[in-house]
Amino acid sequence: MPSARIRTAVLISGSGSNLQALIDAAKHPDYPAEIALVISNQANAYGLTRAAGASIASEVIAHTDFPSREAFDAALHAALTAHHIQFVCLAGFMRVLTPEFVKKWQGRMINIHPSLLPKHKGLHTHQAALDAADTQHGCTVHWVSEGVDEGDIIAQSALDILPDDTAETLQQRVHVLEHQLYPKALKEILNTQCQSHL
Ligand code: GAR
């Protein structure tokens, strides 16, 4: 049990259902993370409403306001630093981060991806699993490294693909797995692997 909860930021671009799962988990007094900040690159992301509902500080940092990826990532880093953030969870954050930013947060930033990595990196993972005639599909929590969806795997959760599954039904079913996996993986990481680095 850590002595202090780790100030954690969640970066989103959309609905934020994974953000909600993390917020809900962090309500438990024994949870090692405090969700201290939500950053969205989209002003209309529903996740911002979720943050407000939980009285969590939020910022919109719109990538369209910046001339380069480097400038956008510098603004992200400045916001994280200003809020004394110790750990970052990407949760449906649909921007590729620069190597400079990733280096700054190496070992302190994780992502959830809707496939059983290393299968189906990138977008449209549910259709990709169907197209590949996979028998299983799922989600992965991994460390963020310079290569997109390539960092070391922390945890995975799988389901059997059913004969009548579509990309939509898979998305819904994988989301249920994600909402269980992400809070559990974050808890395990903070309780074990990286306390000494934070
Ligand atoms: C989730 O399925 C997450 O795994 C995926 O976006 C969705 C966000 O949903 N992330 C990626 O595809 C990143 N490559 P949410 O906004 O409801 O949490």
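For region 6-61, residues that are among the aliphatic types (A, V, I, L, M), open to solvent by 20 Å² or more (accessible area, probe 1.4 Å) and closer than 21 Å to PRO114 by Cα total 1. Screening GLN127 with (1) open to solvent by 20 Å² or more (accessible area, probe 1.4 Å); (2) under 28 Å from ILE35 (Cβ atoms); (3) not in a strand (DSSP E or B) gives one miss only, at (2). Kindly check whether there is at least one residue in region 68-78 that is in contact with a strand residue (DSSP E or B) (Cβ under 6 Å, 6 or more places away or on another chain) and within 27 Å of ALA4 (Cβ to Cβ). No: zero hits. Can you pull out the residues in region 14-49 that are within 11 Å of the ligand (Cβ to nearest atom) and more than 18 Å from ILE85 (Cβ to Cβ)? GLY14, SER15, SER17, GLN20, ALA21, GLN42, ALA45, TYR46, listed by residue number.
Taking MET109 as the residue in question, decide whether it is within 16 Å of the ligand (Cβ to nearest atom), within 20 Å of GLU146 (Cβ to Cβ) and open to solvent by less than 30 Å² (accessible area, probe 1.4 Å). Spell out how you get there, then give the answer.
Values: within 16 Å of the ligand (Cβ to nearest atom): yes; within 20 Å of GLU146 (Cβ to Cβ): yes; open to solvent by less than 30 Å² (accessible area, probe 1.4 Å): yes.
Considered against the rule, which asks whether it is within 16 Å of the ligand (Cβ to nearest atom), within 20 Å of GLU146 (Cβ to Cβ) and open to solvent by less than 30 Å² (accessible area, probe 1.4 Å), MET109 comes out as yes.
Might you let me know whether region 92-105 holds any residue that is within 10 Å of the ligand (Cβ to nearest atom), closer than 17 Å to LYS187 by Cα and part of a loop (DSSP other than H, G, I, E, B)? No, every residue in region 92-105 fails to be within 10 Å of the ligand (Cβ to nearest atom), closer than 17 Å to LYS187 by Cα and part of a loop (DSSP other than H, G, I, E, B). The set of residues in region 159-168 that are surrounded by 14 or more Cβ atoms within 10 Å (Cβ to Cβ) and either under 9 Å from CYS139 (Cβ atoms) or within 23 Å of the chain's Cα centre (by Cα) (or both) comprises LEU159, ALA167. Of the residues making up region 1-33, those that are within 22 Å of LEU177 (Cα to Cα) and outside any loop (DSSP other than H, G, I, E, B) number 16.
Counting only residues that are open to solvent by 50 Å² or more (accessible area, probe 1.4 Å) and not aliphatic (A, V, I, L, M), which one in region 78-93 is nearest to LEU181 (Cα to Cα)?
GLN86
Residues in region 130-150 that are surrounded by 22 or more Cβ atoms within 10 Å (Cβ to Cβ) and part of a loop (DSSP other than H, G, I, E, B): 1 in all.
The values are calculated or read from the model by the stated rules, or taken from the named source; none is laboratory data. The structure displayed is predicted, hence computed values, not measured ones. Don't worry about glycine lacking a Cβ; one is built from the backbone with ideal geometry, like all the others, and counts go over all protein chains shown. Side chains included, ligands, DNA and RNA excluded: accessible areas come from the protein's heavy atoms. Shrake-Rupley method; radii C 1.70, N 1.55, O 1.52, S 1.80 Å.
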